[in-house]
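The values are calculated or read from the model by the stated rules, or taken from the named source; none is laboratory data. Just so you know, these numbers come straight off a predicted model, no measurement behind them. In this analysis, Cβ positions are derived from the backbone assuming ideal geometry, glycine residues included, and neighbour counts consider all displayed protein chains.
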């Protein structure tokens, strides 16, 4: 009998993708629970009860003071020790869209340079306004670094995925910081040109709109920390759990192959947790 993998999916304060996120974890064999942030903050519940933490998308705190800023501060100051313990115990965390913004502003991403160090929760990057100056809701092509330590993206080369955000442009204060992440293969997933062969889509030169929907430095769509446990991305893989959700599904010969490409990201984390037991 497979051991239960318990997933904490945060909700509250404007998070609105929690049900979809919980559902995809259940689809790949985990047992998810939607848990209000305040239950953790007030001590009624603890992250110790869970094997995986998911911070879903939405508009936490109405995006006041910047997307993910207030949720990030709430996590960083109220749950600091719990988050540090969660990562040092080898438990995976994912942040999607607004959740990615929160993890970056919490300081869990990109995190310290060395994987052996405890998360210091120091902010080193940010996600800011799209260079189009508007909210973007469209499908994009993503390519993954095969050498990334990220446990969430193993054996994934390229997928299509929807984005829906207004502040998805990943930035860092210096090129040296980006060079370090790239050398560590922490630039896990980037926007790619779908006309290029699979495996040749990673590039530093900024792609034109709409291939890059936001103008992120080096076309970054998502990053991981040095341990590979903490992963965040702006696109919504939970919104592509089925091929029937693809905008061109009616012209595809799907047969019995209904599973959407996004589901593998969540399956990888669940299988990782089981492999560590």
From the options 247, 213, 237, residue that is surrounded by fewer than 13 Cβ atoms within 10 Å (Cβ to Cβ) and closer than 18 Å to residue 164 by Cα:
247
Residues of the range 128-156 being touching a helix residue (DSSP H, G or I) at 6+ places or on another chain (Cβ under 8 Å) and surrounded by fewer than 15 Cβ atoms within 10 Å (Cβ to Cβ), in sequence order, are 155
Of the candidates 125, 192, the one satisfying the condition of being surrounded by 22 or more Cβ atoms within 10 Å (Cβ to Cβ) and at pLDDT 95 or above is 192
Say whether the condition of being in contact with a strand residue (DSSP E or B) (Cβ under 9 Å, 6 or more places away or on another chain) and over 22 Å from residue 214 (Cα atoms) is met by at least one residue in the range 159-170.
no
Filtering the range 161-205 for residues that are under 16 Å from residue 127 (Cα atoms) and over 17 Å from the mean Cα position of the chain (by Cα) leaves a count of 6
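Suppose we filter the range 90-114 for residues that are at positive phi and out of contact with any strand residue (DSSP E or B) (no Cβ under 6 Å at 6 or more places or on another chain); how many remain?
The qualifying residues number 3.
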When you look at residue 87, is it buried (at least 24 other Cβ atoms within 10 Å of the Cβ) and either modelled with pLDDT of 95 or more or touching a strand residue (DSSP E or B) at 6+ places or on another chain (Cβ under 7 Å) (or both), yes or no?
no
Among the numbered conditions (1) in a helix (DSSP H, G or I); (2) surrounded by fewer than 16 Cβ atoms within 10 Å (Cβ to Cβ), tell me where residue 198 comes up short.
(1)
When restricted to 64, 39, the only residue modelled with pLDDT of 95 or more and over 18 Å from the mean Cα position of the chain (by Cα) is 39
Quick check: is even one residue across the range 35-43 within 23 Å of residue 126 (Cα to Cα) and touching a strand residue (DSSP E or B) at 6+ places or on another chain (Cβ under 6 Å)?
yes
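Listed residues 181, 187, 206, 117; which is touching a strand residue (DSSP E or B) at 6+ places or on another chain (Cβ under 8 Å) and part of a loop (DSSP other than H, G, I, E, B)? Break it down into steps so the answer makes sense when it comes.
Numbers: 181 fails: part of a loop (DSSP other than H, G, I, E, B); 206 fails: touching a strand residue (DSSP E or B) at 6+ places or on another chain (Cβ under 8 Å); 117 fails: touching a strand residue (DSSP E or B) at 6+ places or on another chain (Cβ under 8 Å).
Exactly one residue qualifies, and that residue is 187.
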